[in-house]
Structures are given as structure tokens and as C-alpha cells.
Amino acid sequence: MKIKYELIKKDGKARHGILHTNYGSYETPIFMPVGTQATVKTLSPEELKEIHSAVVLANTYHLWLRPGEDTIMHAGGLHKFMNYDGPILTDSGGFQVFSLARNKKKDIVEEGVHFKSHIDGRKLFLTPELSIQIQNKLDSDIAMSFDECPPYPVSYEYMKQSVERTLRWAKRGLAVHQNENQSLFGIVQGGEFEDLRKWSAEETVKCNFDGYSIGGTSVGEDKKTMYEMIDHSIKYLPEDKPRYLMGVGDPIDILEGVERGIDMFDCVHPTRLARHAHAFTRNGKINLKNLKYKEDFTPVDDTCDCYCCKHYTKAYIRHLMVAEETFGSRLLSIHNLRFLIRLVEEIRTSIDEGTFQEYKNQFMETYKKK
RNA sequence: GGAGGGGUAGCGAAGUGGUCAAACGCGGCAGACUGUAAAUCUGUUCCUUCGGGUUCAAUGGUUCAAAUCCAUUCCCCUCCA
């Protein structure tokens, strides 16, 4: 079946809803860990379950190159292949392809995008149709349209033709999309240009996708601009479909997103930070490699209920990170993901209670204190 | 006892008369990271009151100038006896 969004409570523009999927129903706002290569780096599916993670991302481009979509199809689909029985969302590969395309003018053509494999340098060509076909074979629950994610800033002229092409690509993807068990999301682009965001959103909505994402954010713009990009997009999106802010996963940005009506977030931030020895705490981000934690025998965040915080100290994790033991990365990945998942859990409660704004203000005050 | 090689910043290792406070790597200390080309990348790492001061095993010497040349001493390694 296709996913279904059920709105259960609003507080201002903030929404508490339920996402009904092939693999269970999950409350939104939701934070979705990223597992690019069919694994959330360093974590097992059991560990994901333990922190109440639900939807996980995988990446079309990476799995297309390795091991190949046919291999995953022969394995019985992504869920079976990676032993994950929760919902899986596949990103289209657009984000990767555009960072790999050397010459924007020459490599990005109407038909698709020319680029070179980051593994062996061979020439590849990805099209909207191919991206959708690969995602069909991967058998994810949610597929993403193949879009162009331009850097920041680009000229109005460039953004205009890019947005128009992204829309044509969305329609081409829709036309070849065949998997009845897979939902397909459209993506709103348009950079910081209000009229392009409006146009992109309205035209994308006309295609009647199963959900809508806001793309092209957190690509180097300042925070204020990013929030405006959301504002300029979201007001044209229908209430009865989920709204997904792609690639955003800073605690503050999640709060700002929810405040504007976003339901879904994904980000590499928590897991990458973890591998680089950083941890989210209620008092801001900390670097566990810092000397000051050498003999700090307290948990990373004493308000946290995760496995890492319940059993291990900063001093021990610092030791692991300094000694380059992978268990440190794993513990911090568990913690950082749980931190964001707990954040959205508390957000949902506050929406139910009509106190989202207070919750946000209070969280931000403590978080910024550091 | 004989022959040879070597001692350079916390460690390893370049440098063999001036452009050397001394490449590079590691280690140390910090910073960055937002649809994962990222368990990665960047900065910094003798002391300093930022004028300068003190370094290349030690001491003495040659020179306008020495980590670099000479003498002596101490230590390490290899081979032969």
C-alpha cells in the first residue's frame, strides 16, 4: 500500500500526525536516521529499534553502484537484504550526482546527469526514469523524485531553469513509477527565491504525489534564509500529505521546521558527528575528545535514557575515541540518534498539550547555554 | 682490539655553510561537519611581556655567517677479530 498521513493535532502550524506504512504506523514529527549504504553506520537494526527509530533512509546512487539494484532485488528487496523490518525511504541519488557532476552546464542536461563514479571514476548517466526504476527494484517504502539540488547561491536565472527541469523530471519519474507498495514524494526547490518556491510547490502539488519534500536547504545558506525557504514552500503544500524537510537534523533546525509545519526530517548529522566524537546534549554540542573530559566520569547527558548514557562515562568514550576504537562511534551514534528521536517525541507531546512554543523556547535556551 | 655508520623538536625522519625555529609523517591540542565521494577535513604544536630569546649529543674552534666544516669527549648500531 501507499503511505497515508493522518493529522491528529495541531498547535499553531506544528503538526502531530501518524504515518501509516507497510511496516507499521509511526508518529510524526519523525526523525529518520540515514543509512546510505543499506546500514546506519555502526548500528544494527536491533539498536535502531532500541532507540525507537522507525523510518531509515538508504541511497539510490550508492546502492546502484554497489551492490547493484538487481542483487538487492534477488535478495528479496532492501528490507530482507539489510534485515530491517521498518519503513525504508530511498533518496533518489540527485544529491550525490550533483556533487559529482564536474561541469554543471555540460553535465546536467534535459535527459539526465552525466558524472563519474566516486568509486572507480567510470562515466555514468543517471536519469529520472532510471532513478525511479532502481528505487522500484530496491523496493523501499518511500521513493524520492530525482531532483536537482543546486548549491547556494546560484543566480535567479539558473534557479528558474533548474526548478522547471526538476518539475519535468518529477513528471517523468511519476510516469514510470510502477510499484504499488511504494510511495513517491515530490520535491520543492527554488532556492531562496520566493516566487520560484511558490511556483515549484504549486506545480509539484498538481502532480499529486504521496508526500512532499522541501529540498535545497542546508546547502550553505544562513539560518534565516533557510527558514524562509521553508516558509516560502510549505504554505502551498496540502494538509493531508506528509511534509519532509530533506537533510536537516540540527536540533534547533528541527524545532524551527516543526514550528513551520514539517513532519519528517532526515540527516547524517547525528551519526557523522558521533564518528567525529561530538555529542548532542541538552546544553549544546560537546566534543568528547577534549582534554577536559579525560576524567569526567559522568554520562554524556544525564537526562538521556539511551544505552550509552545509562552505562558509560564521558571519560570512557573519550578514551575510545582517542584510541580510535569503533565502539566509541557506536555509543555516540546511539546517543545522538536517540537525542533527536527523544526531541521529536517531546515535541509531539508538547503539540498535544498545546505548549509547543514554550517547549521550543525552553529547549533553545538550555541548548544555547553550553 | 680493528673497520664502518649514526646521534635533529614528544617520537620517527629530511636537511649537510646563509633563503633554518628547521620539510614531512606520527603523537598532542583545538575547530569544522545538516537528502554521507566524510570513522573525514582544517588549524595549531620550543619559549615569549610578540620587541625578541634559546635550539639540531656535549665542549671548544674555523667563518661576516654553523644543524651543516674542524678537534676532542660521551653515547648508539653493524661487521670483522
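What follows is calculated from the coordinates using simple rules that are stated; it is not laboratory data. Remember, it's a predicted structure, so these values are computed and weren't measured experimentally. Here Cβ is always computed from backbone atoms with ideal geometry, including for glycine, and neighbour counts include all displayed protein chains.
Provide the gained length on full extension for the span A:Asn290 to A:Lys310, in nm with one decimal, where the gain is 0.36 nm per separating residue minus the Cα-Cα distance. Can you show the working numbers first?
Details: separation 20, 0.36 × 20 = 7.20 nm, distance 2.12 nm.
Taking 0.36 nm per residue and subtracting the Cα distance, the gain is 5.1 nm.
Divided by 2.2 N^0.38 Å, where N counts the residues, the Cα radius of gyration of region A:233-335 comes to 1.28.
When only C-alpha pairs under 8 Å and at least 6 residues apart count, what is the relative contact order of chain A, in percent?
18
Using the Cα centre as the reference, give the magnitude of the dipole from point charges on the C-beta atoms of chain A (Lys, Arg: +1; Asp, Glu: -1; all else neutral), rounded to the nearest 20 debye. Walk me through the numbers on the way to the answer.
Numbers: 50 positive and 53 negative charges, 191 e Å.
That gives chain A a dipole magnitude of about 920 debye.
The share of Cα pairs per 10 Å bin across region A:321-370, counted from zero up to the longest distance, runs 23, 36, 25, 13, 3 percent. First measure r as the distance between the Cβ atoms of A:Glu358 and A:Glu6, then evaluate 1/(1 + (r/R0)^6) with R0 = 25 Å and state the FRET efficiency to the nearest 0.05. For R0 = 25 Å, the calculated efficiency reads 0.45.
Over 25 Å between Cα atoms, which of A:Lys206/A:Lys235; A:Lys9/A:Lys223; A:Lys4/A:Lys41; A:Lys2/A:Lys116; A:Lys105/A:Lys160; A:Lys106/A:Lys235 qualify?
Long pairs (Cα-Cα over 25 Å): A:Lys9/A:Lys223; A:Lys4/A:Lys41; A:Lys2/A:Lys116; A:Lys106/A:Lys235.
Gap in Å between the Cα centre of region A:100-114 and the Cα centre of region A:32-72? Between the Cα centres of region A:32-72 and region A:100-114 lies a distance of 27 Å. Scanning chain A for cysteines with no neighbouring cysteine C-beta under 4.7 angstrom from their C-beta gives A:Cys149, A:Cys207, A:Cys267, A:Cys306, A:Cys308. Spatial offset of region A:121-148 relative to region A:242-303 amounts to 29 Å, using the alpha carbon center of each.
Just checking the listed ones, A:Leu89, A:Leu63, A:Leu124: in the Gaussian network model of chain A with Cα springs under 10 Å, the one fluctuating most is A:Leu124.
With bins 5 Å wide starting at 0, give me the P(r) of region A:276-370 over every alpha carbon pair, in whole percents. Taking all Cα pairs of region A:276-370, the binned fractions are 3, 14, 23, 23, 16, 10, 7, 4, 1, 0 percent. Modelled spin labels at A:Glu194 and A:Glu325, positioned 7 Å past Cα toward Cβ, are 5.6 nm from each other. If the chain linking A:Ser44 and A:Thr349 were pulled fully straight, counting 0.36 nm for each residue of separation and taking away their Cα-Cα distance, it would gain 107.0 nm. Over the C-alpha atoms of region A:4-267, the Rg to Rh ratio, Rh being the Kirkwood estimate, stands at 0.94.
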